[in-house]
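Please read the structure below before turning to the comments.
The values are calculated or read from the model by the stated rules, or taken from the named source; none is laboratory data. Quick caveat: nothing in here was measured; it's all calculated off a predicted structure. Cβ placement follows ideal geometry from the backbone for every residue including glycine, while neighbour counts extend to all protein chains displayed.
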Amino acid sequence: MNIRCALLIFLFPFLASAAPRPSEASADPAAAPTPSALARGERGGTLSNGDTVSLQIVEDKEAEVEKRVSDTGDLDVPYIGRVHVAGKTCSDAAAHIKKLLEKDFDFYHHATVRLAINQFSKSSGSSPSVVAVAKINVSGENQSLRTPGMQEFPKTEKLTVSAAVLRAGPTMFANQTAVKLTRKKGDTTETIIVNVKKILKEGRLQDDIEVRDGDYIFVPRLSIVTGF
């Protein structure tokens, strides 16, 4: 036996006693779940009104976006409008959104949806309260919207043109660069053209006009130009 082997045999009992026991290792604060990990939904539970979530559609090749579950339990989802998610787990809600995106292959042949809770609402777990709603009429030209008509929004939320258009579910035929907002101002009528596509794509929230009860929004259809 050489000197190196003898030294290892001599030190082995001391090294073994110095190694952390399983209970001691699990007590290490660095090994415990961090508050941010818990906040992102790793502790389970269901989505509730007021929760802040991260939503990503992987095929869009865009970073995840932060959204808030509305007071009515809905989540604004690109292309399909508002989807009711309150009471569902993140995985169930993501699966439901995936199914809607893939429906009739209008938007995706295959969609990968990631949904996680960033922050739980202080009122999570409580029964949703009855809230006053504002009604905005959103119509579209020839299949440019999935659910045109009167859209209801809780008055506790900021109501904007883009939110109203998303609620109505724009289709692939919708011309979101030339959305018309019409409102009455005394005895006259004012019409404003809003580029909703640019607002959503570039995050130009300063261009997103706040809407009011009684406003009328019209989404035209894309013009198809042929080479004939």
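Residue selection: Ala86 satisfies the criterion of being surrounded by 17 or more Cβ atoms within 10 Å (Cβ to Cβ) and either under 22 Å from Pro148 (Cβ atoms) or not polar (S, T, N, Q) (or both). Of everything in segment 121-155 that's in a loop (DSSP other than H, G, I, E, B) and touching a helix residue (DSSP H, G or I) at 6+ places or on another chain (Cβ under 6 Å), which residue is modelled with the lowest pLDDT? Among them, the one singled out is Thr147.
Output the residues belonging to segment 156-187 that are assigned to a strand (DSSP E or B) and in contact with a Phe, Trp or Tyr (Cβ under 6 Å, 6 or more places away or on another chain). Within segment 156-187, Lys180, Thr182 meet the criteria. One residue stands out among those in segment 89-110 that are surrounded by fewer than 19 Cβ atoms within 10 Å (Cβ to Cβ) and small (Gly, Ala, Ser): the one that is modelled with the lowest pLDDT, which is Ser91.
Within the bounds of segment 61-68, is there any residue that is buried (at least 21 other Cβ atoms within 10 Å of the Cβ) and not aromatic (Phe, Trp, Tyr)? Within segment 61-68 (the criterion being buried (at least 21 other Cβ atoms within 10 Å of the Cβ) and not aromatic (Phe, Trp, Tyr)), the answer is no, since none of the residues qualifies.
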